[in-house]
Amino acid sequence: MSGAFFLALAYLRHNFGRTAVLVLALALILFVPIATRLVLEAAEEQLTARAQSTPLMVGSRGSALDLMMNGLYFSADRPQPVTMTATEAVWNSDLAIAIPIYVRFTAGQQPVVGTTLDYFDFRGLKLAEGRGLATLGEAVLGARAAQRLDLKSGDLLITDPENLFDLTGSYPLEMQITGTLAPTGTADDDAVFVDLNTAWVIEGLGHGHDDVIEQDMAVSVEAGNVTANAALTQFTRITPQNIDSFHFHGAPQDYPVSAVIAIPWDGRAAAILRGRYLAPEAPTQIVVPDQVVQGLLATLFRISRVLDAVFVVVGAAALVAVALAVYLSLKLRADEVATATRLGCHRLAIGRMLLAEIFLVTLAAIALVALALGATFNRMGDLAIWLITT
Amino acid sequence: MISLRDLAFAHPGGGFRLEVPDLTVTKGERVAVVGPSGTGKTTLLNLVAGLLIPQSGTVDVGDTCVSRLPDPARRAFRIGTIGFVFQNFALIDYLTAGENILYPYRITNALELTADVRVRAKNLAQAVGLAGKLARKPAALSQGEQQRVAICRALITQPTLLLADEATGNLDPENKDLILDLLFEQAAAQNATLLAVTHDHALLDRFDRVIDFANFRTSR
């Protein structure tokens, strides 16, 4: 090892605390902009990939961004729901396949996504273990959701109550987990998938209970309408024994969905379908997710540029602080420099020693940044999805 | 060994001026430099070492005219020819005693740190009674031990000239004698010339010669 590096290493080791602070400060200066850039890139990739794979999306009029974020990423910002009529309209057009999605509830803080089996085919979702959805009350977990909730097929998962103090609100439903999906690196990993009918049961549109007449719980019986008293227990779990008692109230075409993914047969079909939603008075709109994402990315890009400028200023200020620390350190070592000079040390050798110190500190900071990035790199995608959905 | 001719030096700020018409120290001689404070004893050492350049006259050490060398050459001359011992020891606090002894080899490419040098450092440390303390840093050594490390550092390059500036000034009487013994002993072992500034008149009879700065013309 050269003398300069030997002395630099010995000095840095001797002043471990000071060195550690310097290394940490430098590492932070490097890590924050790089990590931010990586997260933004991951978010951009996530947004673009998911949007590009979703040709069209039908939903209520209003914010196209909210509609897309809820339909693609199951975000907490819920657009006004549309009814199943919107799904049927797409089906009946003979221009596209319609996949309804209903995202309103959560289970273990993970979004419960009510949909049809077409969704699994459309997104290419594969089971890692267990089986898919078969009957009412069953759930399939996304890979990350299963990991976070520490659940697998055979376990039970209860939906989160919407409001603890709302006694008239929908009852939590205990769902049977039938399988876990393989990881996809998308928002699907965070979801709890249920059949659309199960989502409507959670909503309260469908329910199961004992026979009111047989149990003598009827308060009044009018034509086609039975009112039960408070002793009637509603089932909070759907089992083979009680599944037959589950039934829905109201007209199915009025049941809510958050969005409808429309997969047109071809470009012409897509253009015709889009034309059908142009009327401004129509209660529904059709959006091209890719176009919405491009608009969002333009905003993100502007924010990113502002962030870059902020990082440059903060980085420059931090570098000046580090330079000051090095200068002060040199001042404190004036005696050592004087001794070295008296012994015959060349000015350049003193410079080399200082450069070796800066090099070692920078190297340690870069190593620390590499370690931190290595440890967090796999989480960048998760963080990006979290940023997108919250 | 050392020859100063018609030397005149004044600090750039003015005020102090030292004149040495003629001074010669022969090889292997042990010379004490005494005189009242501020008469230029340390300045003399610095002139001999090439740390200061006289306005006129010459400073020769062996065959080298130090006063005419350019700065890089004077530095190279210093590290290859001179061993320094300072009053405040001037050890490097972040290095161990052993590393301090080898310090001259770390600050220049002109000297090569070989296995022989390491063996010499160990032998020197053993000779001055530091064998078991080479892994300690200066803060963990007594003042006497620190000066012993400084002496080893001064001798490790096998200099032909040893310059000691109040080398015993910070030591208790017992250590003063011990350090001086070591300095004489090691200088003799390497046949090095010793030029030592001291205020301690009790030590003067141990030197071959005493140069009293009261005899040189200095002014303020």
Which ³J(HN,Hα) values in Hz, rounded to whole numbers, follow from the phi angles of segment A:87-101 under the Karplus curve 6.51 cos²θ - 1.76 cosθ + 1.60, where θ = phi - 60° and Gly and Pro get x?
-> 5, 5, 4, 5, 4, 5, 5, 6, 9, 7, 8, 10, 10, x, 9
Binning every alpha carbon pair distance of segment A:269-310 at 10 Å from zero, what are the percents per bin?
-> 25, 31, 23, 15, 6
What is the P(r) of segment A:1-83, as percent of Cα-Cα pairs per 5 Å bin from 0?
-> 3, 12, 12, 12, 10, 8, 7, 6, 6, 6, 6, 6, 4, 2, 1, 0
Quick one: compute the contact order of chain A, relative version, from alpha carbon pairs under 8 angstrom and 6+ residues apart, as a percent.
-> 30 percent
Among the residues of segment B:62-106, which ones have their accessible area go down by 50 Å² or more when all the protein chains sit together, as opposed to their chain alone (1.4 Å probe)?
-> B:75, B:86, B:94, B:103, B:106
Kindly provide the helix-only [θ] at 222 nm of chain A, computed as the sum of -39,500 (n - 2.57) over DSSP H runs of four or more divided by all residues, to the nearest 500 deg cm²/dmol?
-> -17000 deg cm²/dmol
In cubic angstrom per residue, the convex hull of segment B:137-220 built on its Cα atoms measures 128 Å³
Rounded to 0.05, the calculated FRET efficiency for the beta carbons of residue A:135 and residue A:106 at R₀ = 22 Å is 0.50
Electrostatic dipole magnitude of the protein assembly as shown [Cβ: Lys, Arg +1; Asp, Glu -1; Cα centre; debye, to 20] | 4020 debye
How much of the calculated P(r) for segment A:228-332 lies past 17 Å, in percent of all Cα pairs?
-> 79 percent
For residue A:320, placing the label point 7 angstrom along Cα-to-beta-carbon and taking segment A:27-43, residues whose amide nitrogen sits under 17 Å are A:29
Around residue A:257, which amide H atoms from residues at least 5 apart in sequence, or from another chain, sit under 5 Å from its own amide H, with H modelled in the peptide plane?
-> A:82, A:83, A:84
Take the Cα radius of gyration of segment A:278-335 and divide it by 2.2 N^0.38 Å, with N its residue count; two decimals is plenty.
-> 2.42
Phi to ³J(HN,Hα) by Karplus 6.51 cos²θ - 1.76 cosθ + 1.60 over segment A:42-48, Hz, x for Gly, Pro = 5, 5, 4, 5, 4, 4, 5
So the pair-distance distribution of segment A:12-141, from every Cα-Cα distance in 5 Å bins, comes to percents of 2, 8, 12, 16, 16, 12, 8, 5, 5, 5, 4, 3, 2, 1, 1, 0
Can you list the residues, at least 5 places off or on another chain, whose amide H is less than 5 Å from the amide H of residue A:53, using H built in the peptide plane?
-> none
In segment A:347-390, which trypsin sites (Lys or Arg not before Pro) are in a loop and have at most 15 other Cβ atoms within 10 Å, using DSSP for the loop call?
-> none
Using a 1.4 Å probe on protein heavy atoms only, how many Å² of accessible area do A and B hide from each other, summed over both chains and rounded to 100?
-> 2100 Å²
In degrees from 0 to 90, rounded to the nearest 10, what is the angle of the helix A:289-332 Cα long axis to the longest principal axis of chain A?
-> 30 degrees
Per residue, accessible area of the protein assembly as shown with a 1.4 Å probe, heavy atoms of protein chains only, in Å², comes to 48 Å²
Residues whose placed amide H lies under 5 Å from that of residue A:113, excluding near-sequence neighbours | A:192, A:193, A:194
Using every Cα-Cα pair within segment B:36-116, state what percent have a distance larger than 15 Å.
-> 65 percent
Treating the Cα atoms of chain A as identical point scatterers in vacuum, please give the log10 of the normalised Debye intensity I(q)/I(0) at q = 0.06, 0.09, 0.10 Å⁻¹, two decimals.
-> -0.40, -0.69, -0.78
What nm distance separates the two modelled labels at residue A:171 and residue A:271, each placed 7 Å from Cα along Cα→Cβ?
-> 5.4 nm
Pairs of Cα atoms farther than 14 Å apart, segment A:110-191, % | 62 percent
Which residues of segment B:14-55 end up with at least 20 Å² less accessible area in the presence of all protein chains than when their chain stands alone, using a 1.4 Å probe?
-> B:51
Rounded to whole Hz and in sequence order, give me ³J(HN,Hα) for segment A:119-129 from the Karplus expression 6.51 cos²θ - 1.76 cosθ + 1.60, θ = phi - 60°, writing x for Gly and Pro.
-> 4, 5, 5, 4, 8, x, 7, 10, 7, 8, 7
Quick one: if the Förster radius is 22 Å, what FRET efficiency do residue B:201 and residue B:172 give, using the C-beta to C-beta distance and rounding to 0.05?
-> 0.80
Efficiency of FRET between residue A:375 and residue A:182 - r from beta-carbon atoms, R0 22 angstrom, step 0.05 | 0.40
Additional length obtainable on full extension of the chain from residue B:29 to residue B:93, 0.36 nm per residue less Cα span = 19.8 nm
Assigned charges on the beta-carbon of Lys, Arg, Asp, Glu; segment A:1-133 dipole about Cα centre (debye) | 620 debye
Can you tell me the Rg and the Dmax, both Å, for the Cα atoms in segment B:1-70?
-> 11.7, 36
Once you have a ≥ b ≥ c as the square roots of the Cα gyration tensor eigenvalues for chain B, tell me rounded if a/c is under 1.5, and otherwise prolate or oblate according to whether a/b is larger than b/c.
-> prolate
Taking Cα atoms of segment A:255-390, Rg/Rh with Kirkwood Rh, to two decimals?
-> 1.34
Helix B:71-81 sits at what angle to the longest principal axis of chain B, using alpha carbons and giving 0 to 90 degrees rounded to 10?
-> 50 degrees
Using the Cβ atoms and a cut-off under 10 Å, what net charge is assigned to the surroundings of residue B:197, where Lys and Arg are +1 and Asp and Glu are -1?
-> -1
Report the Stokes-Einstein translational diffusion coefficient (µm² s⁻¹, integer) for segment B:73-202, Rh taken as the Kirkwood radius over Cα pairs, at 10 °C with viscosity 1.306 mPa s.
-> 109 µm²/s
Using a 1.4 Å probe on the heavy atoms of the protein chains only, list every residue of segment A:348-373 that has 10 Å² or more less accessible area in the complete assembly than in its chain alone.
-> A:349, A:352
Taking Cα atoms, the helix A:334-343 axis meets the longest principal axis of chain A at an angle in degrees (rounded to 10) of 40 degrees
Can you grab the distance from the C-alpha centre of segment A:322-390 to the C-alpha centre of segment A:277-321, Å, no decimals?
-> 34 Å
Could you check the simple spin-label distance between residue A:148 and residue B:185, using points 7 Å along Cα→Cβ, in nm with one decimal?
-> 7.6 nm
Hey, could you grab the Kirkwood Rh for segment A:328-390? Inverse mean 1/r over distinct alpha carbon pairs, Å, one decimal.
-> 15.1 Å
Quick one: net charge around residue A:346, please, counting Lys, Arg +1 and Asp, Glu -1 for every other residue with C-beta under 11 Å from its C-beta.
-> +4
Rough spin-label spacing in nm, given labels placed 7 Å along Cα→Cβ, for residue A:97 and residue A:301 | 3.3 nm
Top positive-direction residue, dipole computed over segment A:1-124 with Cβ charges, set A:106, A:54, A:86 = A:106
Of all DSSP beta bridges in chain B, antiparallel share, percent nearest 5 = 50 percent
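The values are calculated or read from the model by the stated rules, or taken from the named source; none is laboratory data. Since the model is a prediction, treat every value here as computed from it, not as a measurement. Virtual Cβ from ideal backbone geometry, glycine too; neighbours counted across all protein chains shown. Heads up: the accessible areas ignore ligands, DNA and RNA and are worked out on the full protein's heavy atoms, side chains in. Shrake-Rupley method; radii C 1.70, N 1.55, O 1.52, S 1.80 Å.
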